[in-house]
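Report on the following structure.
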Amino acid sequence: MDHRTAIPQPASKTDSLPPMETPSASSAKHPVLARLLDEVRNENRVEVAYDRVHNRHNRGR
Amino acid sequence: MTVSTTATIEVDSASGHLCAAGSGKRLDTVLIKTSSRCNIDCSYCYVYRGQDTKWRGLPKRMRHIVLDAVQHRLIEHAGRQRAGFAIVLHGGEPLLLEFGRLAAMLRNLRVRLCPERYPISVQTNGTLLNPRTLDLFAETQTTVSVSIDGPKEVNDLGRLDHRGRSTFAMTLRGIHRLLDHPACNTLFSGTLSVIQPNVSPASVYGFLRRLRTPSMDFLLQDGNHDRLPPGKKNFESTEYGQWLIKLIDLYLADPAPVPVRIIDDTIKLCLGGSSQKEGRGKDAYGILTIETDGEIRKNDTLRTSFDGADIFSGRWNVTSTDLASVLSSQEYIDSADMQIPTCDGCRRCQLLDVCGGGMPLYRWSAERSYDNPSVYCHDHAVFIRHVIDRLHGFGLKGFTEHANDSPNRSFRARPVIDRPVVSWIRSEADCQSEVQPNVS
């Protein structure tokens, strides 16, 4: 089987992305999403401890 | 042995890492095989149950001369660049190294290398953790991650000793010693579990939560197109993807969750951020492995593909070769480039910048080498789409799949996520004025 052509495709595609939407109150308050949004927001602004890890490992935070 | 270099080595001005000029192929992690044997015998072990046979000829533990050379090369490399790198003690079971050698190495490294830029961690099965070792780790700010797959009946599916006996109690004892240590909060980094797709994620997640692990991570089982992962029916089946879908639903419903790395990374990539681990996202990843005889090798996970897949043709050794020279070699650049998938389907896929093509080991077939999508391609797809659906459900609608019609683009040139959700958090004040009504 040629797996190179068997990658699953979505039902529809769009060439452009929709406008941004403000985060809902639920995402801002959700413990996981709030933390991850904060981490993404600070990725390029805050110098953090080096934390890239090998796949077999989990340093956690 | 002298490395035949292909490029000048220089410090990348942006990242501060030593790289071959123009390559951007930096060193992220040095994996140190302090022991080439293990005191347990996991059924899925990629080191001893895979394609590799070279471990049989290696010294069982690192000798003094090699340990000294490893420390010298790490400190030497750190002195030549501004940025840091991670140091991981690994095996086999790394704690099979005699305590005195382990202590000397960790103390020497920590005196020279600060924990903020040079995290040192140990991946262990936990069975040999004792108060003296934990005190050493606390002293040298070495973090500990313990491999455990879930409650006893789940852990016993794969993690048995050489006589076929359960290792669960010994691992649990080690984890409890970690939890009871005064420095537990900084010592214990979390648990790492191999997914057993036929087991309920609820039982595993619930067990690990009750265990009070500070974080969890999960690994897909090793496999490729010639040897399907255990529990996976065929290339199109999605057993692992469905397992991860159940896991994220448990995670997002948990009122007091602890971080789950594999899910956090996927969410952050969907939000326009970066992954912290290799094998996901669009960032290349640089890793060198140092064996117990001092040989410098590629990413050790490659050895699941075929015997010798992780070996550089130069057979460089830390006793004679510095790490920067290896980084300047075309072989290292090529090995770091392996993360970039080559097959046309992957390069056109709208999910590529999230899944990253998966880890190279999952793409292998004898017929096409690594020129395949991941054997987990369909699992990645159903899981990522579920993550996007969940984010949409929370009102985060920045990420939408769209065609990537430029298969020849540079992997780093243009993110698929042109306007990720993160754009609104660039500046909250600015974003308030940028917000437009959702027209979708």
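Select from the stretch B:142-170 the residues that are out of contact with any strand residue (DSSP E or B) (no Cβ under 7 Å at 6 or more places or on another chain) and closer than 22 Å to residue B:99 by Cβ and list them in ascending order.
B:161, B:170, listed by residue number.
Name the single residue, out of those in the stretch B:169-184 being in contact (Cβ under 8 Å) with a residue 12 or more places away in the chain and farther than 17 Å from residue B:207 by Cβ, that is surrounded by the most Cβ atoms within 10 Å (Cβ to Cβ).
Among them, the one singled out is B:181.
Name every residue in the stretch B:135-150 that is under 23 Å from the mean Cα position of the chain (by Cα) and farther than 23 Å from residue B:29 by Cβ, in order of residue number.
B:149, B:150, listed by residue number.
Return only the number of the condition from (1) within 15 Å of residue B:44 (Cα to Cα); (2) surrounded by fewer than 20 Cβ atoms within 10 Å (Cβ to Cβ); (3) within 11 Å of another protein chain (Cβ to nearest Cβ) that residue B:225 does not satisfy.
(1)
Which one is nearest to residue B:273 (Cα to Cα), of the residues in the stretch B:327-372 that are of a type in the set (D, E, K, R) and either more than 9 Å from chain A (Cβ to nearest Cβ) or open to solvent by less than 20 Å² (accessible area, probe 1.4 Å) (or both)?
So, considering only residues that are of a type in the set (D, E, K, R) and either more than 9 Å from chain A (Cβ to nearest Cβ) or open to solvent by less than 20 Å² (accessible area, probe 1.4 Å) (or both), the one nearest to residue B:273 (Cα to Cα) is B:353.
Would it be correct to say that residue B:266 is at the interface with another protein chain (Cβ under 9 Å from one of its Cβ atoms) and not in a loop (DSSP other than H, G, I, E, B)?
In short, no.
Residues being facing chain A (nearest Cβ under 7 Å), open to solvent by 30 Å² or more (accessible area, probe 1.4 Å) and touching a residue at least 24 places away in the same chain (Cβ under 8 Å): count how many of those fall in the stretch B:273-286.
The total comes to 0.
The values are calculated or read from the model by the stated rules, or taken from the named source; none is laboratory data. This structure is a prediction, so every number in the text was calculated from the model and none was measured. FYI the Cβ positions are ideal-geometry reconstructions off the backbone, even for glycines, and counts take in every protein chain you see. These accessible areas exclude ligands, DNA and RNA; they are computed on the full protein's heavy atoms, side chains included. Shrake-Rupley method; radii C 1.70, N 1.55, O 1.52, S 1.80 Å.
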